[in-house]
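The values are calculated or read from the model by the stated rules, or taken from the named source; none is laboratory data. Just so it is clear, the structure is predicted and the values come from calculations on it, not from any experiment. Cβ atoms come from the backbone with ideal geometry, glycine included; neighbour counts cover every protein chain shown.
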Amino acid sequence: MIKRTLHYELRKEVRCNRRRRIDRTNGALVANWVKVLELAAAEHNNDTAYIFGHAGSNHPVTGRRADLMYFRDYLTALLEHTRAGVKAGQSKEVFSATSPTLKGFEDFGAHNARTLGIVYDEVTDI
């Protein structure tokens, strides 16, 4: 059975399989995506196939609960990494220039200034 998990957050599909994409312009918040992914996983059984809106190279646009939880864990790690940078006193410019690859989430690759800046703004509530 394939279910498209729509309407968890304003007509957005479950976003990504090993590809980062944060649409802050349209109101997306990383912290809310963590909650949305947990909700989607809780509301559907392990046999549910999810259709992702985006996928990284060599990754399918469909996945299972484990893929949702991997993406949730990645977003959580990204938030924690950003909070640590803010706590350390890094400015947005310095933090955004770091281009890290998060340990355990190498499939997402090195981050760019745009992604890091979006998450920095969210964490600092700009």
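Suppose we keep only residues that are free of Cβ contacts under 8 Å to residues at least 12 places away in the same chain and over 19 Å from residue 31 (Cα atoms) within segment 82-102. Which one would you say is nearest to the chain's Cα centre (by Cα)? Filtering first and then ranking leaves 101. For segment 38-52, a tally of residues being assigned to a loop (DSSP other than H, G, I, E, B) and loosely packed, with under 14 Cβ neighbours inside 10 Å returns 3. For segment 87-120, the tally of residues that are surrounded by 15 or more Cβ atoms within 10 Å (Cβ to Cβ) and assigned to a helix (DSSP H, G or I) stands at 12.
Based on this model, can you work out whether residue 15 counts as surrounded by 13 or more Cβ atoms within 10 Å (Cβ to Cβ) and modelled with pLDDT under 75? Outline the logic, then answer.
Working: surrounded by 13 or more Cβ atoms within 10 Å (Cβ to Cβ): yes; modelled with pLDDT under 75: yes.
So residue 15 passes the test.
Pairs meeting the criteria (first residue in segment 109-125 and within 24 Å of residue 59 (Cα to Cα), second residue of a type in the set (Phe, Trp, Tyr), beta carbons under 8 Å, at least 6 apart or on different chains) are 116/95.
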